[in-house]
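Notes follow the structure.
Read-outs: derived from the displayed coordinates by stated rules, not from any lab. Note that the structure is a prediction, hence the values are computed from the model and not measured. Note that each Cβ is placed from the backbone with ideal geometry, even for glycine, and that neighbours are counted across all protein chains shown.
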Amino acid sequence: MTPPAPGQTSSLGSAPHVSDEASISADRDRLDRARAEFDAEVIYLNTTTMGLPPRRSLLALQAALNDWRRGTANPLDYDVVLASARASYAELVSVDPSRVAVGSQVSVFAGLVAASLPPGSDVLTAAGDFTSILFPFHAQAGRGVTVREVPLERLADAVTARTALVSVSAVQSADGRVADLDALQAACAGTGTKILLDTTQAVGWLPINAGDFAYTVCGGYKWLLAPRGTAFFTVHPDLSDALVPNHAGWYAGQDRWSSIYGTPLRLAADARRFDLSPAWHSWVGAAPALALLNEVGLAALHTHGLGLAERFRSATGLPSSDSAIVSVLADDLVPDLMSAAGIVGSERAGRLRLSFHVSTSEQDTDRAAAVLAGHLRP
C-alpha cells in the first residue's frame, strides 16, 4: 500500500493530530529552504550516481579556491572544516565523532578490514553487491580467506559459526534493494560474526545507527552531496585496537602537525588513527552539505525521499517498495523521452535507476512520472 502523503488521512486511521501537523509543516519548511539551495537545470533523479551540491558548498569552495589562488590559504583552516564534516556525519549515523575516521574512498577502508582478517577466514557477501566492498576480500585469497556470495534475501540464513565477517551494502547500488539488517544482526549475534556495512546508498535518506555494527563505510559524493574524494569509516571501540592502521600517515597522528617527521609511532587514540590525509578542497565542499542534511533532519529526509519514490511508483503503476531508489525495466523509447524532457537518471544492471533526494520536488516527480508512464515495468 502506498503510504498517505504528509497531511493526508490514512484509510486506516484518523487525520494527524495538531502537533503532528505542526511537525509536518516544520519538516516541509526545512525541506523547502534546503531545496532552494539547488540549481539543477534538469529533473535530476541521479543522486545514486552523484549528488548535487547545495549552493553553500559551492560558495565555500569558491572562497577556498580564491584563497589558494591568492596565496592566503592556511592548511590549519582545513582541519576546522574537516572536524565539522566529521561531527556532522557522526550526527547523521548516531555515533560520537571519536568513532569516525575520514578518507577518500570506500575501498581503502574495506581493504583495511580485509587485511585484518585472520588467515583462512570465511567472508559472506551479497551477490551483485558493489565491488568496493567485495574486491578487497577476494584480494586476500593468498592468505586463505574465502568469500561466499548468496542472494541478498538469503544473507542472514547463510551466516554460520565459521563466518568471520559479513560485508554488505545497506542499500544495493544496482537496484536500491534494502537489506534486512535486523535479521542479519540477529543471525550474526548468535555466531559472533562481525558486519562491515557499506552505507553509501543509505546515509542521507535512510536512518542508520553505525554503532550497531563492527564497521561501516560511506562514500560522500552521493546522498551526502559532497565532492568526490570524501569517505567515512566507523569502527566499534572494542575493535579499534585490533585493527592495524596500515595506511597510517601524519594525519593519523594524535597531534597532526607534530607528527609530520620522524618516529616514534604516535597515532591518535580514537578512530582518527585510521584517518587518511584529506583532499582538502573536497572537504571544504563536504562540510556545508553535511550541515544542511542535519538541518533538514533524518526523519524528514527519509519521509521526503521515500515519499517521492512511492509517489512516482504509484503514478507509473509500479509496485510499492521501501527504497528511495526506483529500479525498473524501461522500453526502447525511454532514453529519448528522458533526454527530451530533461530527466537525468542512470542505467545499472540493465535497468533504469532513478533516485529521489532533498533536491527533488513533487513537481519534478510528477513530471517524470507523466513522461515515463506506460514505458516502465517492474
Checklist outcome for this item: Between the Cα axis of helix 298-315 and the main Cα principal axis of the chain, the angle (0 to 90°, nearest 10) is 40 degrees
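For the chain, give me the percentage of DSSP beta bridges that are antiparallel, rounded to the nearest 5 percent. Write out the running numbers ahead of the final one.
Details: 20 of 39 bridges.
So the antiparallel bridges amount to about 50 percent of the total.
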Item to check | Protection proxy ranking of 251-261, 272-282 - average other beta-carbon atoms within 10 Å, highest first | outcome: 272-282, 251-261
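Report the full-extension gain for the segment Asp241 to Leu58: residue separation times 0.36 nm, less the Cα-Cα distance, to one decimal in nm.
On the way: separation 183, 0.36 × 183 = 65.88 nm, distance 3.83 nm.
Once the chain is fully extended between Asp241 and Leu58, it gains 62.1 nm.
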Checklist outcome for this item: If one compares the long axis through the Cα atoms of helix 18-35 with the longest principal axis of the Cα atoms of the chain, the angle in degrees, nearest 10, works out at 70 degrees
Checklist entry - Using 7 Å Cα-to-Cβ label points, what is the Val80/Arg266 separation (nm, one decimal)? => result 2.5 nm
Next on the checklist: Counting just the Cα atoms, what span does the chain cover along each of its three principal axes? Round to the nearest Å and put the largest first.
Outcome noted: 64, 57, 46
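Determine the shape class of the stretch 306-378: with a ≥ b ≥ c the square roots of the Cα gyration tensor eigenvalues, call it rounded for a/c under 1.5, and otherwise prolate if a/b is greater than b/c, oblate otherwise. Before the final figure, lay out each step's value.
Numbers: a/c = 1.41, a/b = 1.18, b/c = 1.20.
It is rounded, given that a/c, with a ≥ b ≥ c, falls under 1.5.
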Next on the checklist: Quick check on the stretch 22-131: take the gyration tensor over C-alpha atoms, sort the square-rooted eigenvalues as a ≥ b ≥ c, and tell me if it's rounded (a/c under 1.5), prolate or oblate.
Outcome noted: oblate
Checklist entry - Using mean Cβ contacts within 10 Å as the protection proxy, how do 337-346, 283-292, 239-248, 319-328 order, highest first? => result 283-292, 319-328, 337-346, 239-248
Next on the checklist: Counting only helical runs of four or more DSSP H residues, what would the 222 nm mean residue ellipticity of the chain come to if each run contributes -39,500 (n - 2.57) and the total is spread over all its residues?
Outcome noted: -11500 deg cm²/dmol
Checklist outcome for this item: Placing each pseudo-label 7 Å from Cα in the direction of the beta carbon, Val42 and Ala141 end up separated by a distance in nanometres of 3.8 nm
Next on the checklist: Under the rule of at least 5 residues apart or a separate chain, name every residue whose amide H is placed under 5 Å from the amide H of Ile43.
Outcome noted: Ile343, Val344
Item to check | Positive-end residue, the stretch 76-152 charge dipole about Cα centroid, Cβ charges, pick of Val80, Val93, Ala126 | outcome: Ala126
